[in-house]
Amino acid sequence: MDLPATNLRLDSFEELALPLFDQLYNFAHWLTRNRDDAEDLVQETYVKALKGFSSFQLGTNFRAWIYRILRNTFLTSRQGLKVTMTVSLDFDGEEEGPESAIEHDTPETLLFARSSHELLQSAIGALPVHFREILLLCEVEEMSYQEISETLTIPIGTVMSRLSRARQTLRNHLRPHLQQGAEPRTIAKGMDHDL
């Protein structure tokens, strides 16, 4: 094994992988719904990606490649298998995500915005994993349909149809709450990169 070639590959891995750490963690946190499990999932993803980096072809889409490793690691984990077999309809308020930065003057508007953000998080968390992951990859991680297709190893047509069904399911879940007086734009603002 040539040592300089190994160092070059390791440097390439670090250059490609380290900037994606926060994004991978956010995605893992949404999949696992638990901070410790998300940290473990990201760590395991990096270990597997580093071990398998020799199979990665430089110049291809590294982001999709490492997201696929994270997703497959999650799905093959004990927790991932449990989550894919069941659909949680309950939201435990035990684990709260980061609050969005809101600039309003009154306590009432702050309370309303926070409840809208929590409603959106709850609705996304209640989605089945295959809808939740595709929605997060598109809306939060801002991946193109092609990148999502590569990450999930499904055709682009399937990406578009799942995304459409995920959005419709989310709308159906939020509709009763919106009809009670919440503005759709307020809720949509809660869906940012800090989810």
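The values are calculated or read from the model by the stated rules, or taken from the named source; none is laboratory data. Note that this is a predicted model, so its numbers are computed, not measured. Ideal geometry is used to build each Cβ from the backbone, glycine not excepted, and the neighbour counts take in all protein chains shown. These area figures cover heavy atoms from the full protein model, side chains too; ligands, DNA and RNA do not enter into them. Shrake-Rupley method; radii C 1.70, N 1.55, O 1.52, S 1.80 Å.
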inquiry  = Filter the range 25-48 down to the residues that are free of Cβ contacts under 8 Å to residues at least 40 places away in the same chain and among the hydroxyl-bearing types (Ser, Thr, Tyr) and list them by number.
reply    = 25, 45, 46
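Report yes if some residue within the range 63-76 is assigned to a loop (DSSP other than H, G, I, E, B) and not aliphatic (A, V, I, L, M); otherwise report no.
no
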ask   = Are any residues in the range 157-195 of a type in the set (D, E, K, R) and modelled with pLDDT of 90 or more, and if so, which ones?
value = 162, 165, 167
query = Do we find that residue 107 is open to solvent by less than 70 Å² (accessible area, probe 1.4 Å), farther than 27 Å from residue 72 by Cβ, at pLDDT 55 or above and over 13 Å from the mean Cα position of the chain (by Cα) in this structure?
reply = no
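Please go through the range 58-91 and give me each residue that is out of contact with any Lys or Arg (no Cβ under 7 Å at 6 or more places or on another chain), aliphatic (A, V, I, L, M) and at pLDDT 85 or above, ordered by number.
Within the range 58-91, the first condition is being out of contact with any Lys or Arg (no Cβ under 7 Å at 6 or more places or on another chain), and the residues that meet it are 58-68, 70-72, 74-91.
If we keep only those that are aliphatic (A, V, I, L, M) as well, we get 58, 64, 66, 70, 75, 81, 83, 85, 87, 89.
Hits for the range 58-91 are 64, 66, 70, 75.
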message = Which residue is least open to solvent (accessible area, probe 1.4 Å), if the candidates are limited to the range 132-173 and must be part of a loop (DSSP other than H, G, I, E, B) and of a type in the set (D, E, K, R)?
response = 141
